[in-house]
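The values are calculated or read from the model by the stated rules, or taken from the named source; none is laboratory data. Not measured: the values here are computed from a predicted model. Glycine gets a Cβ as well: all are built from the backbone with ideal geometry, and neighbour counts include every protein chain shown.
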Amino acid sequence: MKLFFHGLFACLTLLVGVVFTGCGTASNKDALFMDAPRPQVNANPHTADEPTGIDSLLPQPPPPETDVARFRVGQTVIVTFSGTPEPIEPHEETVKEDGTITLPLIGSIYTVGKTSGELQNEIYTNYVPKYYVRLNVTVKSGERVFYVGGEVGHPGVFDYISDTTVTKAIQAAGGLTPFSSHRNIWLVHAGSSKRIRVNYDDALKDPLEDPPVYPDDQITVDRSIW
């Protein structure tokens with residue numbers, strides 16, 4: 001009888017061990033197929049480049065200036081002086097091919113690519129204090145215009161407005177006539193002898209084919225041979 005009970009106890013012990021081992025195995029197996037933890041999504045809508053917190057309350061710098069008028073070859077520069085005991089005559093000059101203008105006493109000043117304010121400061125520092133103790137300098141450009149001629153509705157001289165292109169300039173001149181050549185439109189930048197040919201139809205379709213127009217530029221529309 002004792003042998004019977006010992007055998008029964010051993011069987012029960014073996015059965016309990018199998019059950020627990022199976023549960024542990026099943027748990028490990030389930031763990032292999034569990035979804036990997038998903039990365040947390042940042043709910044903050046601000047990007048790293050945007051100011052947040054107290055920075056968002058501070059004044060932010062203005063966007064960079066994208067359309068600043070700068071002097072070019074062939075453009076007229078007008079320099080006026082004041083604040084001296086003896087009056088000084090204003091100086092008006094067209095920017096030369098080498099990009100300079102020539103002022104009394106100080107000589108050549110490189111002008112191309114500079115704004116009126118930048119050129120004004122440079123002229124002032126060349127005059128004061130070497131030649132004058134007190135001096136006020138004002139720089140401005142001459143009349144800003146461009147020219148359109150040839151086969152357009154109203155050829156002539158037009159006031160320059162920023163972001164002008166060849167097609168916009170032609171439209172300002174009344175557009176093409178029935179006799180206009182769409183392929184032979186010529187742009188000459190001020191101070192240059194190089195002619196740039198523009199295809200009107202291509203320029204209307206693709207902004208990259210529509211070159212910019214600057215002050216004192218000239219546009220000529222040829223007559224069609226057909």
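Quick notes
- Residue in the range 168-186 that is part of a loop (DSSP other than H, G, I, E, B) and modelled with pLDDT under 95 present: no
- Checklist (1) part of a loop (DSSP other than H, G, I, E, B); (2) on the phi < 0 side of the Ramachandran plot; (3) of a type in the set (Gly, Ala, Ser) applied to residue 113, failing item: (2)
- Those residues of the range 95-143 which are among the hydroxyl-bearing types (Ser, Thr, Tyr), under 33 Å from the mean Cα position of the chain (by Cα) and more than 26 Å from residue 189 (Cα to Cα), in sequence order: 124, 125, 138
- Subset of the range 65-84 that is surrounded by fewer than 16 Cβ atoms within 10 Å (Cβ to Cβ) and at pLDDT 90 or above - its residue that is nearest to the chain's Cα centre (by Cα): 78
- Whichever residue in the range 170-226 is of a type in the set (A, V, I, L, M) and free of Cβ contacts under 8 Å to residues at least 24 places away in the same chain and, among such residues, is surrounded by the fewest Cβ atoms within 10 Å (Cβ to Cβ): 208
- Some residue of the range 147-161 being farther than 27 Å from residue 206 by Cα, surrounded by 14 or more Cβ atoms within 10 Å (Cβ to Cβ) and among the hydroxyl-bearing types (Ser, Thr, Tyr): no
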